[in-house]
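The values are calculated or read from the model by the stated rules, or taken from the named source; none is laboratory data. Worth saying up front: this structure is predicted, and the values here are computed from it rather than measured. Heads up, the Cβs are rebuilt from the backbone with ideal geometry, glycines too, and the neighbour counts pull from every protein chain shown.
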Amino acid sequence: MLTIACPHCGPRAQAEFVYERTVDSVVPLDAEPAEAVAALFTRANPRGEDDEIWRHTHGCGGWLVMRRHRVTHAISAIRAIGPETLP
């Protein structure tokens, strides 16, 4: 199990958090249908680090972006965000 350092609450068990999606899969409201389908369903899944959106559901309820390696699960960065700051 991962230990995730919530920017508001400090280190907590992964069980308190819910994975939402990768940052690159966030689709703008005005996106063309083909662009939305490509972003949501046909993205690459490369090895290496990726930015993921998580929520501290069983804690403060805050949203965060976590940079995590897809193979080793090592976390290299975490920052707090709000829905209005996503691309």
Among (1) in contact (Cβ under 8 Å) with a residue 24 or more places away in the chain; (2) in a strand (DSSP E or B); (3) out of contact with any Phe, Trp or Tyr (no Cβ under 8 Å at 6 or more places or on another chain) - the single one residue 77 does not satisfy: (1)
Residue 66 vs. criteria touching a residue at least 40 places away in the same chain (Cβ under 8 Å), hydrophobic (A, V, I, L, M, F, W, C) and either part of a loop (DSSP other than H, G, I, E, B) or surrounded by 15 or more Cβ atoms within 10 Å (Cβ to Cβ) (or both): yes
Filtered residues of segment 9-38 (kept if loosely packed, with under 13 Cβ neighbours inside 10 Å and assigned to a loop (DSSP other than H, G, I, E, B)): 28, 29, 30, 32
Residue in segment 39-63 that is farthest from the chain's Cα centre (by Cα), counting only those that are outside any loop (DSSP other than H, G, I, E, B) and farther than 24 Å from residue 8 by Cα: 41
Candidate set: segment 69-87, residues that are of a type outside the set (Val, Ile, Thr) and modelled with pLDDT under 90; chosen: the one surrounded by the fewest Cβ atoms within 10 Å (Cβ to Cβ): 84
Output for segment 7-49, where each listed residue is touching a helix residue (DSSP H, G or I) at 6+ places or on another chain (Cβ under 8 Å) and either polar (S, T, N, Q) or touching a residue at least 12 places away in the same chain (Cβ under 8 Å) (or both): 24, 25, 26, 27, 39, 40, 43
